[in-house]
Structure formats: structure tokens, C-alpha cells
Amino acid sequence: MAFEFPNKDNAQYRIKDKYQNFIGGEWVDPVDGEFFDNKSPVIGQVVSQVPRSKQADVDNAVKAAHKAQESWGKTSPAERSMVLLKIADKVEAHLEELAVLETFENGKAVRETMNADLPLVVDHYRYFAGVIRAQEGGISQLDEDTVAYHFHEPLGVVGQIIPWNFPLLMAAWKLAPALAAGNSIVLKPAEQTPTTILHFAELIQDIVPPGVLNIVNGFGAEAGQALATHQDINKIAFTGETTTGRIIMQNASQNIIPVTLELGGKSPNIFAKDVMDEDDGYLDKAIEGLVMFALNQGEVCTCPSRALIHEDIYDAFMERVIKRVEEIKVGNPLDEHTMMGAQTSQEQKEKITSYLDIGKKEGAEILTGGNVKEMDGDLGEGYYIEPTIFKGNNKMRIFQEEIFGPVLAVATYKDDEEALEIANDTMYGLGAGVWTRSQNRAYRFGRAIQAGRVWVNTYHDYPAHAAFGGYKMSGIGRENHLMMLAHYQQTKNLLISY
Ligand code: NAD
């Protein structure tokens, strides 16, 4: 079954001609009245107008957040937990609608938004609703007359800037812990996917007190920069490219505010010789794990973008992988059978095709794909690319630079030591995969790979209770897990002599 393209007359998946910012609980136009075109990558056409916000809009949002914070910051964990539970219920009740809108805005397959992204969003709000109830401050007695109290206080007003690859999930990763900890928020969505989050805000506007959540749309160099440099925010949390992360960190240093950075990756996946010991379910699972390089059109920070295959199994293993990749159905992402939809923007499509050219020029061998995927009819102007596998070596740019598309770079290795050396030969350290039937090797590889998340014999699970974040140039701080609360709180110590 294929869902209808959302449009302004569609009863269930209605999109608007023109959107507004959400500030202080009100829907408002940008102060200078400027809007920008929002295109759907599925059809490559402009579908709505979105505020092109600037400094004045961000100023208004930060002011509204401070006003709201006066009372929100004093609410009890139990009250905030209830708000988060209501948000989760609301998203769950509107899951299909949000999934279809996100697919149309981002280009990703609806089977993913419906079955993975949105259920995870719901779970993130529920998870932080739970853990905040369990958090307690500490009291310790220093001597007979002296006691130290520790209180977890919210930071205040936090700025959050997110990318386009998982619009509602990236928002949930940031909003859920920040709200649970008692902060007010100014969120800037990515300019490529600005509206799904506004539909979400519309759904929850009666649940969250006015001004606690403010959404200001616009470009990175304008609204993003205005938020990241704002003198009245108490923290900035950012997910996006490493190059942008560097600018965000420089800006944060001016105001001495904490910063969380979730940045790029170039995730190695090591396949040990023993994966082919038997032709059983385990081997099929390992192949499915690798094929996830094309999940979300390869626009995932932890996509298995580099595969290191033991030289003795390379031919037989890759024959199976290529056969499986050639079965991937690329097409209308609103069709439930589609596995790969559209790249998120024309710019992104051009970036990926430039890397297809770079790989070819570097002398890498194309094992499958390698071209733009031409589509017909309504999809003719959309942004589609064939899933592509290159064979080469780790010195090539296609092995070192983040392509953020459905492009896998594979190389062989001869022993465990060489596999680890290649895996760690990167400036990134976000995700990695290890596929082996040996528990011993799995543990050694898992500990030795320099990445914040190493999946072993599985890939791309993102449970709310597992900490996620980068080593090296992939970032600072963690998201998910209850440890995340600490990133949105400060500790007050009260040392009293009675
Ligand atoms: P990007 O850095 O171009 O943009 C991300 C956000 O930052 C957008 O909202 C953008 O408007 C804003 N921005 C851009 N320049 C800015 C500036 N100077 N000041 C303030 N804000 C600015 O990244 P993208 O292309 O949207 O996203 C893809 C990147 O995100 C990839 O590198 C990917 O690996 C990374 N990513 C990382 C994670 C993670 O958890 N580590 C998750 C998803 C995506």
C-alpha cells in the first residue's frame, strides 16, 4: 500500500502553504516577514513556506523561554514526568500522521518512520518520564553538626540545534531529557526538514506550558548562529556536521556555557572469517547488518560506511552482499514496500554524486550501483541514488570522509591486528560494528575500537537506555541513558552547619 502525498487539502496528512514559528505558546510570523521555500525531496517540488528567522526572532524565543522558566524550573519531577507521558501518548495517537509527514519532508521510507523512528520517539519521552522520577539528590553527614545536601537543578534556557536526517527522533533525543530536567528550550530544526516538528508542536501545545518549548526555523548561518551565540542561553546542544560543531563550540566558549556535540562518523564494520563458518541464520543476520549502509538512504551518522572483510572470505561473502543489495527497492518512500527513498535535498544528492566521481577517480572498483537512479512520473524531479559499493583501501577519500549517502566502501584485512588498525585509522569515533561468532574476539574488538558505540552481532538499535555519543571528532557528551540528565542539570551543594 502507498500513502497519498500530503497536501493542503488532504484530510489526514494536511500540510500548510505557510508555517509560523512557535514562540511563548503563540504561532507567530518572523519579525521581518521573510519566509523560505520548503521542498519535498520525494517530488523535488516546493510544498510550503517556512519562516526565515533571524536574531530578533531568536531574541523573542529566548525571552519567552526565560519567562516560562520562572515557573517551569520550579516544577517537581513528578509534574514534569506527567507532561512527558502525555507527549508520548499524543505522538503515539498520531503516529501514522507524523510518520507520513516526516517521510514526505525527509524522503525516508515510511516503513522506517512508522516502525522504527516514531516508536522510538514515543519511547524516549516515556523513558525520561520514568528516570526523572527515580532521580534523587544526596545528603551526606560531614560531622555531627554539618550536613551536605546535593540538589539537581535545571540549567535554565537551553538552545538546541538539530539536523534533518531523523527530524522527530533527533528532537526527542534532545527535548525529552531537557524537559525532564526542568529546562525551557529554544529549538532550531534543520532548514531541510522544518515542518514536521511544527506539527508535533501543534499536537502538544496544550500539554507543555507556554514558552517552555519554542521553535524557531531558519538557516544555520542566520537563526542557528543567532541561537548559538546568544548571551542568554545556559547551554547549547547540537547535532550535525563536525565542521559546524567546531563553530558551535567556539561560540559557546564566548559565554562559557556547556556544549553537547553529536557529530559525524565513518563507522567501520569488521567481519571476521568465522562469519562464514556455516551458512546459517547468523550469516544472513551479518549480511543484513552490513546492508544497513543503505538504511535511511545512508543518511545516518552511524551507517556502516566502511566494511573490513577478512581476506579469506571476501569473495564468497561479498557475492552474497551484492546480491542482497541489488534486491533493494528504491522508489516512492510512501509505498510501504520501498526500502530506500529519496535523498533529503538536491544539495545532498549532488554531494553524494560528487563522491561517486571521487571514488571512480581514486581508482576504487564499483561492485554495484554507482549512479543516480532516474525515476518517472511524480518522482521524476525527486532525489534518488542507487545503493553503491566500492572496493578500495582506507587511504582513499571515500574511506575517510563522511559521504552521508548509500555508499559503502569495502576493504580486506589479513588478521585481527590489521582489522583494528584500519578501523581506528579515522578522525571519527561514533559507531562501529563487529561480526564474529567468537565471544573472545567480540570483546577484544569491542574494547579496542575507538568509538562511543560498538554494536556486536547486531546493528543500528537505538534504545533510549543505551548511552550514545562520539569519541574523537565525532563529538562531546552523550545522549540517551539516564546519564543524559546530568548534561541538562547543574549540581547545587548546600553545606550547612547546624
Ligand atoms: P549541519 O551541521 O549542516 O546542520 C545541522 C544543523 O546546524 C542545522 O539545523 C543547521 O541549520 C545548523 N547550522 C548550520 N550552520 C550553523 C552555524 N554556523 N551556527 C549554528 N547552527 C548552524 O548538518 P546536517 O547536514 O544537517 O546533518 C548531517 C550531519 O549530522 C552529519 O555529519 C551526521 O553525521 C550528523 N549527525 C550526527 C548524529 C549524532 O548523533 N552524532 C546524528 C545525526 C546526524
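Bear in mind these aren't lab numbers, they're just calculated from the coordinates by the rules spelled out. This structure is a prediction, so every number in the text was calculated from the model and none was measured. Virtual Cβ from ideal backbone geometry, glycine too; neighbours counted across all protein chains shown.
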* Asked: Roughly how many nanometres apart are two label points built 7 Å out from the Cα toward the Cβ at Ala134 and Ile207?
  -> 2.2 nm
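Any idea what the dipole of the stretch 268-456 comes to, in debye rounded to 20, about its Cα centre with Lys/Arg Cβ at +1 and Asp/Glu Cβ at -1?
Here the size comes out at about 560 debye.
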* Using the Karplus equation 6.51 cos²θ - 1.76 cosθ + 1.60 (θ = phi - 60°), what ³J(HN,Hα) coupling, rounded to whole Hz, does each residue of the stretch 187-199 give in order, writing x for Gly and Pro? -> 10, 10, x, 6, 5, 7, 9, x, 9, 4, 5, 6, 5
* May I ask you to derive the FRET efficiency for Lys74 and Lys8 from their Cβ-Cβ distance with R0 = 56 Å, giving the value to the nearest 0.05? => 0.85
* Taking the Cα atoms only, what angle lies between the long axis of helix 314-325 and the longest principal axis of the chain, rounded to 10 degrees? -> 60 degrees
* Net charge near Val31, counting Lys/Arg +1 and Asp/Glu -1 over other residues with Cβ under 15 Å of its Cβ? -> -4
* To do: Report the relative contact order of the chain, percent, no decimals, based on alpha-carbon pairs under 8 angstrom and at least 6 residues apart.
  => 19 percent
* Contour minus end-to-end for Asp425 and Glu288, with contour as 0.36 nm per residue of separation and end-to-end as the Cα-Cα distance? -> 46.8 nm
* How much length is gained on full extension from Asp32 to Asn393, taking 0.36 nm per residue of separation minus their Cα-Cα distance? -> 124.8 nm
* **Whole-number D in µm²/s for the chain (Stokes-Einstein; Kirkwood sum over Cα pairs; 20 °C, 1.002 mPa s)** => 91 µm²/s
* To do: Measure off 7 Å from each Cα along the Cα-to-Cβ vector at Glu418 and Leu85, then give the distance between these two points in nanometres to one decimal.
  => 5.7 nm
* Asked: What order do you get for Asp32, Asp17 when you list them from fewest to most C-beta neighbours inside 10 Å?
  -> Asp17, Asp32
* To do: Consider a paramagnetic label point 7 Å from the Cα of Ser438 along Cα→Cβ; state which residues of the stretch 241-285 have an amide N under 19 Å from it.
  => 269-279, 282-283
* Asked: For the residue pair Thr458 and Met483, what label-to-label distance in nm results when each label sits 7 Å from Cα along the Cα-to-beta-carbon direction?
  -> 1.8 nm
* Residue separation times 0.36 nm, minus the C-alpha to C-alpha distance between Asp17 and Val46: what's the value? -> 9.5 nm
* Neighbouring Cβ atoms within 10 Å as the yardstick, rank Ile132, Ile313 fewest first. => Ile313, Ile132
* Asked: How about Lys414: which lysines have a C-alpha closer than 16 Å to its C-alpha, ignoring those fewer than 8 places off in the same chain?
  -> Lys273, Lys391
* DSSP loop (so not H, G, I, E, B), at most 10 other Cβ within 10 Å: list which trypsin sites (Lys or Arg not before Pro) in the stretch 304-389 pass both filters. => none
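Using the count of nearby Cβ atoms within 10 Å as a rough guide to exposure, how do Ile256, Ile385, Ile358 rank from fewest to most?
Ile256, Ile358, Ile385
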* Per-residue HN-Hα couplings for the stretch 116-128, Karplus 6.51 cos²θ - 1.76 cosθ + 1.60 at θ = phi - 60°, whole Hz, x for Gly and Pro? -> 10, 4, 6, x, 5, 4, 4, 5, 5, 5, 5, 4, 6
* To do: With viscosity set to 0.890 mPa s and temperature to 25 °C, compute the Stokes-Einstein D of the stretch 268-456, Rh being the Kirkwood radius across alpha carbon pairs; µm²/s, no decimals.
  => 146 µm²/s
